[in-house]
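**Q** Input: one structure, supplied below.
Taken together, the values in this text are just the output of simple stated rules run on the coordinates, not laboratory data. As the structure is a prediction and not an experimental result, all values here were calculated from the model. So basically every Cβ, Gly included, is an ideal-geometry build from the backbone, and we count neighbours across all protein chains shown.
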Amino acid sequence: MRAELDRVLRSPEFRGSERRARLLKYLVEKAIAGEPVKEYAIGVDVFEKPADYDPRIDPAVRVEMGRVRAKLADYYAGEGGAIGQRIEFPKRSYSPVLIQAAETSAPKQRTSWLSAYVVAATVLAGVLCVVGAIGWRLATHPRKPPENPQARELCAKARFFWNKRTPEALRTSLELYQEAIRKWPRYAPAYAGAALAYVVMASNSELPADQTGSQAIDAARAAIALDPNLAEAHAALGWAAFTIHDDWRTGDAELERALSLDPSFATAHQWRAMGLLYVGRTDEAAPEMARALRLDPVSIKFLVGDGMISYYRRRYDETIEKAHKVLAMEPGFREAHLMLGEALEAKHEWADAEREFHSVVLASSGDMEGVARLAHVYALTGRAGQTKEIVAKLLNPAPDEYVDPYQLVFIYTALGEKEKALEWLEKSVRQHSAMIMNVDPYLDPLRGEPRFQKLLAEAHLD
């Protein structure tokens, strides 16, 4: 395996990144020595993280591991394919194995979703490096760029998937926008679309908000450099300001800018409504969501948003009615099952709530939302053992899994362990994933705690 490692490290895929090469070498040497490795040890030994490094919160190792997997796939798809052997990492493992050609089956057609995300992000980062030069070129030598019908078609398909809002559809949408950027690097709507995909993935807790949010902001700024009057790009910046930076004033200003450019952009109305809700301006949130629904009365995502406003206003019967309306239109829509489960849980209809959260689990891919909700209902119904089994899993995620710290906040709250809940809430606020804390019924038992009020102020939600 060491000889194969030397070949891989000499390849262009690894030669240009000391960080990536160091990680691969460390893992191979540990495998040769027969020593198991843990994510914490990798963070400390390879990336020089401090002793109090917490891999549950800092995803650096998992992100870099995704890049290593992606670059290995690139290497063996090219010059490394002729060697007859390959270094591979089994799923959810940091211990590599050496596979001989006779042991390999047909080439894999798809990488894991996290690897695909990393490849897409890398491509976008590379393209963004030229955006400044493009903007200068356009300013000094204005001319209409050549059309690329394929890029337009890719963006149309990407928007179709983006509108579905499921984790799988969002990843497909991002991949299509990235392909459009490769085909037409000066097509502003492709960058704006990528920004929208990234920012929704961040707000849905599918990936760490800081990590994905920076990609959203870069893509939106790239779009604005090419077309300053693109409403979608301003909307992405607004939602990123809300959900990632807790900057409610900037978020509202960017969304209002988007709506001034395109008053018919219903998603900007939806996002502005949710922003108003999160800061406690509930009486303004409902009319803003109504504007989105007037523009698109059958939009699943707007109907769910409208239902969530009812839920956060503690109107649980109204929420249940709205959730059933969505599920009659789209029976498998995850967010509708989640909303219904939360409202049923609030009414102490435990069995029905548990059923809905199982539906969320079945509809999820790559995140732990449904599992965390089950832990919450288990805790409220006295099943502490089952709750703690799930907590143990959330505290030790697999390499390709992301756990939102906010999920541990509401589980510990349901268990009555307020100190642990507040500890994780602090982490969630620092990671910008606690935007609903001001209105979330799950956190009502914490509202009298001084530390909770301090964290509200830190998140600019007081």
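**Q** Taking a ≥ b ≥ c as the square roots of the Cα gyration tensor eigenvalues, with a/c under 1.5 meaning rounded and otherwise prolate when a/b beats b/c, else oblate, which class fits the range 372-462?
**A** The shape class here is oblate.
**Q** Next up: What is the sum of charges, Lys and Arg at +1 and Asp and Glu at -1, for the other residues whose Cβ falls under 11 Å from the Cβ of Ala236?
**A** Around Ala236, the charge tally is -2.
**Q** Per DSSP H run of n ≥ 4, the term is -39500 (n - 2.57); total these for the chain, divide by its residue number, and report the mean residue ellipticity at 222 nm rounded to 500 deg cm²/dmol.
**A** Estimated from H runs of four or more residues: -21000 deg cm²/dmol.
**Q** Further question on the same structure: What ranking of Lys91, Lys71, Lys418 emerges when the number of other C-beta atoms within 10 Å of each C-beta is taken as an exposure proxy, fewest first?
**A** Ranked by crowding around the Cβ, least crowded first: Lys91, Lys418, Lys71.
**Q** In what sequence, highest mean first, do 262-274, 350-362, 40-52 appear when ranked by Cβ atoms within 10 angstrom?
**A** 262-274, 350-362, 40-52
**Q** What percentage of all Cα-Cα pairs in the range 158-231 are separated by more than 18 Å?
**A** Here the long-distance tail beyond 18 Å is 34 percent of all Cα pairs in the range 158-231.
**Q** Work out the P(r) tail for the range 2-109: percent of alpha carbon pairs separated by more than 23 Å, whole number.
**A** 27
**Q** Something else about it: Please compute the net charge surrounding Arg314, taking Lys and Arg as +1 and Asp and Glu as -1 over other residues with Cβ under 12 Å from its Cβ.
**A** Taking every Cβ under 12 Å from that of Arg314, the sum is -2.
**Q** Evaluate Rg over Rh across the chain, taking Cα atoms for both radii and Kirkwood's formula for Rh.
**A** 0.98
**Q** Would you mind giving the average projected area, over all directions, of the Cα convex hull of the range 253-349 in nm² with one decimal?
**A** If I average the Cα hull's projected area over directions, I get 6.0 nm².
**Q** Rounded if a/c is under 1.5, else prolate if a/b is larger than b/c, else oblate: which is the range 175-279, with a ≥ b ≥ c the root eigenvalues of its Cα gyration tensor?
**A** Verdict is oblate for the range 175-279.
**Q** Note down the net charge around Arg15, summing +1 for each Lys or Arg and -1 for each Asp or Glu among other residues with Cβ under 14 Å from its Cβ.
**A** Here the count lands on +2.
**Q** Among 149-158, 428-437, how do they line up by average Cβ neighbours within 10 Å per residue, starting with the highest?
**A** Averaged packing, sorted descending, gives the order 428-437, 149-158.
**Q** Where does each of His348, His234 land when they are ranked from fewest to most other beta-carbon atoms within 10 angstrom?
**A** Going from sparsest to densest Cβ surroundings: His348, His234.
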